[in-house]
Ligand code: DGP
């Protein structure tokens, strides 16, 4: 079964695609958490950060250089932004196709709010 994001990459599902090349695709998140919220995904399916293979190193690096260029194009590079990869249940991953969130356009606040689990041990 192709992942949701593979279907976006293959143009089988609609999305606001802002960049596509032979290795990665970037599109606007359907539920934006900030004025700019893009997802940068590899064209090939990699389920989670745990599944990145050694031979994917250049591909993953490319995801980050594309994120850098998109931040500039979206006008948020100078003020700053956040790049996020969620992994598995504790990371809050919803879509099991590796993706980097590029979020910005406003001050984003603290990186994470202390989780319930952390509060219990503090
Ligand atoms: P994560 O929790 O890291 O797996 O984030 C998944 C993100 O994917 C979430 O912010 C919402 C977004 N998303 C889910 N389905 C779609 C979709 O069909 N289209 C687009 N553009 N984004 C989606």
List 60, 121, 36 from most exposed to least, where exposure is judged by having the fewest other Cβ atoms within 10 Å.
121, 60, 36
Two-site FRET efficiency, residue 83 against residue 120, from Cβ-Cβ distance with R₀ of 30 Å, rounded to 0.05:
0.55
Taking the beta-carbon count within 10 Å as an exposure proxy, list 62, 97, 31 from fewest neighbours to most.
31, 62, 97
Please pull out the direction-averaged projected area of the stretch 80-122, using the convex hull of its alpha-carbon atoms, in nm² to one decimal place.
3.9 nm²
How long are the three semi-axes of the equivalent ellipsoid of the chain, in whole Å, if each is the root of 5 times an eigenvalue of the C-alpha gyration tensor, listed from largest down?
24, 19, 14
Which order, highest average first, do 70-77, 99-106 follow once you tally other Cβ atoms within 10 Å for each residue and take the mean per peptide?
99-106, 70-77
Cβ-based exposure ranking for 84, 112, in which fewest neighbours within 10 Å come first
112, 84
Helix-derived [θ] at 222 nm for the chain: sum -39500 (n - 2.57) over DSSP H runs of at least 4, divide by residue count, nearest 500?
-7500 deg cm²/dmol
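Bear in mind that the values in this text are calculations on the coordinates, not laboratory data. Please read all numbers here as calculations on a predicted model, not as lab measurements. Reconstructed Cβ throughout: ideal geometry from the backbone, glycine too, with neighbour counts over all protein chains shown.
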